[in-house]
Amino acid sequence: MTLAAAKTYRADFPGLVTADGADWHYLDSAATAQKPQAVIDAVMRALGVDYATVHRGVYARSAEMTLAYESARRRVAQFIGGKEDEIVFARGATEAINLLAYSYPDNNGSRGRVLLSQLEHHSNIVPWQLAGWQVDVCPLTADGCIDLDAAEAMLTPEHTMVAFAHVSNVLGSVVDGPRAAELAHSVGAKLLLDGCQAVPRVPVDVAALGCDFYAFSSHKLYGPTGIGALWGRADLLDRMAPWQGGGAMIDKVTFAETTYAPAPQRFEAGTPAIVEAIGFAAACDYVDAIGLEAIHAHETRLVAQTRDALRGMNDVTLFGPDDSAGIVSFVMDGVHPHDLGTILDEENVAIRAGHHCAQPLMEHLGVPATARASFGIYSTEDDVAALVRGIERTKRIFG
Ligand code: PMP
């Protein structure tokens, strides 16, 4: 995909203009992506003329909605190379990881030992702590990748889970999934990849990665908020105990004893996010029509342009590896990232400033916060130029 083509994708996204009609340089796609009209239309149809509940209705509209909901599950599974009965819909990646932390291997109170890394998002730290797992932390290499040699040295047969970000939400570093899987499996542990930042920007195939679980959110993939998925190998999901109780997850309920539905329904208590699931599938269609190889190549070019421009400024420190996926984090000497973000906002440039829900990583980097620019399908060279202009203006203001 050329940069010129990216400009045409901008027209698909009604959110990319400011209130007074100017171009909005939206560089916060790693927090949440803007939505294409195709997704908005799919959501509006599902909320409007197609709307009904799923699974319980005996009337035609409900039967059709049930088909649409289950075909959304198939579509989302296919997007990451999985099978439909391996996709559990959850509220987002956060809920997906909580589900796993509480349900694997069972919920009888005895937890395992998990190896995380120093760069994890709080969503891949706190659930393990809350559920009572013993947590070990794998260090990073000097350029901000998960150090798999260190992981190899740390892993023991006591570890039952390894849980790593596939792509770091701060540094953009990409973990070597197949090697992480091999290391986890060599001690009998399972591998969860937190794919929140990977699914919108690198091609994902869970079989090729060799992982056992994969968690991701729709809203970072140009779909609606309120839905995400936990993909798990069918034999592992089958062994996992229910997490939340309620309607739709049962086989038979009596006051004496309740039995449960098979996975994935066993993990989907209550009326599901029907409309959101349909929007999620529409987002998969939209992204696949452009192609993740092309999106990745496009974001890689924008990352290179941004890093080159910032590297030329002697009062800017860049974090992460040069080949980071779609995300650039940095700090400016003497300027708090929040001040930079506020000045950039005056120029219609939206970046993220803060700890990015990765406080242990901030501690490791020795900074309280970073500024982060992150790209998407619709990002252009103009966005990079506007960012660089804004940083230069900030330098003059603070200079
Ligand atoms: N993991 C990573 C790497 C993330 O970037 C995020 C979102 N910032 C999450 C997990 C949590 O995702 P959500 O808020 O959509 O549940």
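The values are calculated or read from the model by the stated rules, or taken from the named source; none is laboratory data. This structure is a prediction, so every number in the text was calculated from the model and none was measured. Neighbour counts run over all protein chains shown; Cβ positions are idealised from the backbone, glycine included.
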Looking at this structure, is Phe89 touching a Phe, Trp or Tyr at 6+ places or on another chain (Cβ under 9 Å) and not in a helix (DSSP H, G or I)? yes
So Tyr214, is it under 24 Å from Lys35 (Cβ atoms), in contact with a Leu (Cβ under 8 Å, 6 or more places away or on another chain) and hydroxyl-bearing (Ser, Thr, Tyr): yes
Give the residue that is farthest from the ligand (Cβ to nearest atom), with candidates limited to residues of the stretch 185-194 that are under 22 Å from Phe89 (Cβ atoms) and without any contact (Cβ under 8 Å) to a residue 40 or more places away in the chain. Leu191
Which numbered condition Ser103 misses (of (1) among the small types (Gly, Ala, Ser); (2) touching a strand residue (DSSP E or B) at 6+ places or on another chain (Cβ under 9 Å); (3) more than 16 Å from the ligand (Cβ to nearest atom)): (2)
Among the residues of the stretch 35-78, what is the count of those that are under 30 Å from Gly172 (Cβ atoms) and either assigned to a helix (DSSP H, G or I) or touching a Pro at 6+ places or on another chain (Cβ under 8 Å) (or both)? 13
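Matching residues to (1) buried (at least 22 other Cβ atoms within 10 Å of the Cβ); (2) farther than 14 Å from Leu192 by Cβ:
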site: Val135; (1), (2): no, no
site: Cys138; (1), (2): yes, no
site: Thr141; (1), (2): no, yes
site: Glu158; (1), (2): no, yes
site: Arg179; (1), (2): no, yes
Could you list, in sequence order, the residues of the stretch 346-368 that are within 13 Å of the ligand (Cβ to nearest atom) and either on the phi > 0 side of the Ramachandran plot or not assigned by TED's automatic domain parsing to the domain that holds Ala22 (or both)? Gly354, His356, Cys357
Selection from the stretch 367-399 of residues assigned to a loop (DSSP other than H, G, I, E, B) and free of Cβ contacts under 8 Å to residues at least 12 places away in the same chain yields Gly399
Note on the stretch 146-170: residues within 30 Å of Ala371 (Cβ to Cβ) and outside any strand (DSSP E or B) are Asp147, Leu148, Ala150, Ala151, His166, Ser168, Asn169, Val170
Do the conditions hold for His25, that is, is it more than 16 Å from the ligand (Cβ to nearest atom), farther than 23 Å from Tyr378 by Cβ and surrounded by 14 or more Cβ atoms within 10 Å (Cβ to Cβ)? no
Exactly one of His296, His338 is over 22 Å from Ile40 (Cβ atoms), modelled with pLDDT of 95 or more and within 20 Å of the chain's Cα centre (by Cα), and that residue is His296
What is the residue count in the stretch 23-34 for residues that are part of a loop (DSSP other than H, G, I, E, B) and either among the aromatic types (Phe, Trp, Tyr) or touching a Phe, Trp or Tyr at 6+ places or on another chain (Cβ under 8 Å) (or both)? 5
Cβ-Cβ below 6 Å, separation at least six or inter-chain, first residue in the stretch 165-184 and modelled with pLDDT of 95 or more and polar (S, T, N, Q), second more than 12 Å from the ligand (Cβ to nearest atom) and not in a helix (DSSP H, G or I): which pairs? Ser173/Gly144; Ser173/Cys145; Ser173/Gly320; Ser173/Pro321; Ser173/Ser324
Residues of the stretch 98-132 being at pLDDT below 95 and part of a loop (DSSP other than H, G, I, E, B), which ones? Tyr104, Pro105, Asp106, Asn107, Asn108, Gly109, Ser110, Arg111, Gly112, Ala131, Gly132
Criterion first (of a type in the set (Val, Ile, Thr) and either under 17 Å from Val287 (Cβ atoms) or surrounded by fewer than 20 Cβ atoms within 10 Å (Cβ to Cβ) (or both)) does Ile146 satisfy it? no
For the stretch 28-65, give me the residue count where each residue is among the aromatic types (Phe, Trp, Tyr) and out of contact with any Lys or Arg (no Cβ under 9 Å at 6 or more places or on another chain). 1
Pick out the one residue from Gly312, Gly326, Gly320 that is farther than 20 Å from Ala5 by Cα and either buried (at least 17 other Cβ atoms within 10 Å of the Cβ) or in contact (Cβ under 8 Å) with a residue 12 or more places away in the chain (or both). Gly320
